[in-house]
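Reviewing the structure listed below.
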Amino acid sequence: MKDIQMVDLRSQYEKIRTEVNAGIQEVIDTTTFIKGGKVNDFQHELETYLRVKHVIPVGNGTDALQIALMALGLKPGDEVITPTFTFIATAEVVALLGLTPVVVDVDPDTFDILVETIKNAITPRTKAIVPVHLFGQNADMEAIMNLAQEHNLFVVEDACQSIGSVYTFSDGQQFKSGCMGDIGCTSFFPSKNLGCFGDGGALFTNNDLLAAKIRSIANHGMVVRYHHDIVGVNSRLDSIQAAVLQVKLKHLDEYNAARQASAAFYDTAFASTDKLIIPTRSTNSTHVFHQYTLKLQAVDRTALQKYLADRGIPAMIYYPVPLHLQKAYQNVRYKAGDFPVAERLCECVLSLPMHTELTEEQLAYITRTVLEFIK
Ligand SMILES: *Cc1c(COP(=O)(O)O)cnc(C)c1O
């Protein structure tokens with residue numbers, strides 16, 4: 001049996017090697033490393049895939065989030081609501097821009113931002129909501145969009161983990177993740193569902209004015225004449241990464257289906273025990289399983305993790321500390337106990353290997369070993 005990894009990029013590459021190598025070689029031969037045709041081609045291919053008007057490629061997912069908030073013209077002191085159970089990038093860019101991150105609790109079943117808690121956090125200074133579609137499943141966007149409209153707030157979707165997942169509104173309309181709010185952001189970090197061979201990211205929007213502003217900000221704030229007064233950044237996707245992404249985008253649905261099949265295998269195996277709570281699927285969103293995350297009940301997580309590691313099975317804790325208890329974000333605002341769901345999840349979640357190349361043999365071995373420990 002092949003070694004088990006959290007993410008097996010090597011095995012995935014072997015299957016697309018010829019095509020990827022040809023794309024990269026073409027970039028080298030033409031020496032258009034920055035702003036090449038391949039970046040434009042990939043941009044348009046992603047626009048078609050997402051059914052969104054504008055994709056703006058940038059340097060990474062964190063840059064995408066920062067540029068999104070800059071494009072909305074938020075001012076220091078403006079409040080931005082985001083979940084406390086997530087990766088740090090969301091709150092980081094809010095803080096870097098001098099905005100105030102206001103964190104809220106999450107749904108204990110889906111791990112996504114809980115709409116009820118957003119309501120309570122809205123003040124006259126609130127300007128935006130940044131829901132994170134955690135682990136690959138969309139937050140409750142219909143409720144979030146309704147709330148945003150009611151309070152005149154912007155919505156910036158963090159779709160770094162959810163590219164390709166689909167959300168269905170109650171009227172039957174379907175949207176791809178990241179294409180419902182004012183702006184969507186994603187990351188092409190190698191381990192993401194659509195990953196390149198380095199850093200990369202993108203913003204999505206259906207708003208022409210915002211798209212122009214985003215392009216300008218990502219390019220030092222000087223591309224669009226009537227926006228030359230904007231302070232920008234330098235953030236771009238390079239042509240070699242675009243060449244890789246062009247090949248992988250063609251396989252994205254198939255890759256996400258492979259993740260869903262592995263998740264289904266895990267679900268079936270773990271249905272026999274109440275010590276492991278399998279990931280809840282929400283009724284209005286598909287799940288693309290960036291992570292397959294269990295909740296452990298009365299199981300010693302540290303001991304399980306070690307038991308698995310000793311048997312060649314990696315397992316990770318996403319995330320061990322909520323935003324409001326991170327040292328860098330400690331302030332008078334929050335204390336331990338403020339967000340009990342997130343705090344409890346940090347203590348009981350465990351993510352198992354999840355990627356596009358898991359074999360039945362590997363899945364059987366992983367599930368057998370987990371069940372052996374908890375019985
Ligand atoms: C990966 C990730 C980011 C950051 O993306 P980078 O490309 O690494 O900057 C932001 N938010 C979430 C939820 C992520 O998973």
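Observations
- Top of Ile144, Ile113, Ile163 by mean-square fluctuation, Gaussian network on the chain, Cα under 10 Å: Ile144
- Fluctuation leader among Thr86, Thr359, Thr302 - the chain, Gaussian network, Cα springs under 10 angstrom: Thr302
- Alpha-carbon centroid distance for the pair region 115-146 / region 238-291, whole angstrom: 23 Å
- Average projection area in nm² (convex hull over Cα atoms of the chain, one quarter of hull surface): 19.0 nm²
- Gaussian network model of the chain, springs between alpha carbon atoms under 10 Å - residue of Pro131, Pro279, Pro76 with greatest fluctuation: Pro76
- Accessible area per residue for the chain is 43 Å², calculated with a 1.4 Å probe on protein heavy atoms, without ligands, DNA or RNA.
- Set Lys192/Lys250; Lys192/Lys295; Lys15/Lys248; Lys15/Lys35 screened for pairs whose C-alpha atoms are more than 19 Å apart: Lys192/Lys295; Lys15/Lys35
- FRET E, pair Lys2, Glu150, Förster distance 56 Å, beta-carbon r, rounded to 0.05: 0.60
- Using a probe radius of 1.4 angstrom, the carbon and sulfur fraction of the accessible surface of the chain is 54%.
- Across region 184-260, C-alpha contacts under 8 Å between residues 6 or more apart give a mean separation that, scaled by the residue count, equals a relative contact order of 26 percent.
- Of all aspartates and glutamates in the structure, those lying under 14 Å Cα to Cα from Lys213, and not within fewer than 8 positions of it along the same chain, are Asp182, Asp229.
- Once exposed loop chymotrypsin sites (Phe, Trp or Tyr not before Pro) are cut out (DSSP; at most 16 other Cβ, 10 Å), longest piece of the chain: 170-375
- For Arg236, residues with placed amide H under 5 Å, excluding near neighbours: Gly59
- Convex hull volume per residue, computed on the Cα atoms of region 137-278, equals 168 Å³.
The values are calculated or read from the model by the stated rules, or taken from the named source; none is laboratory data. Predicted model only: the values in this text are computed from it and were never measured. As a convention, Cβ positions derive from the backbone with ideal geometry for all residues, glycine included, and neighbour counts pool all protein chains shown. Accessible surface areas use protein heavy atoms only, side chains included; no ligands, DNA or RNA. Shrake-Rupley method; radii C 1.70, N 1.55, O 1.52, S 1.80 Å.
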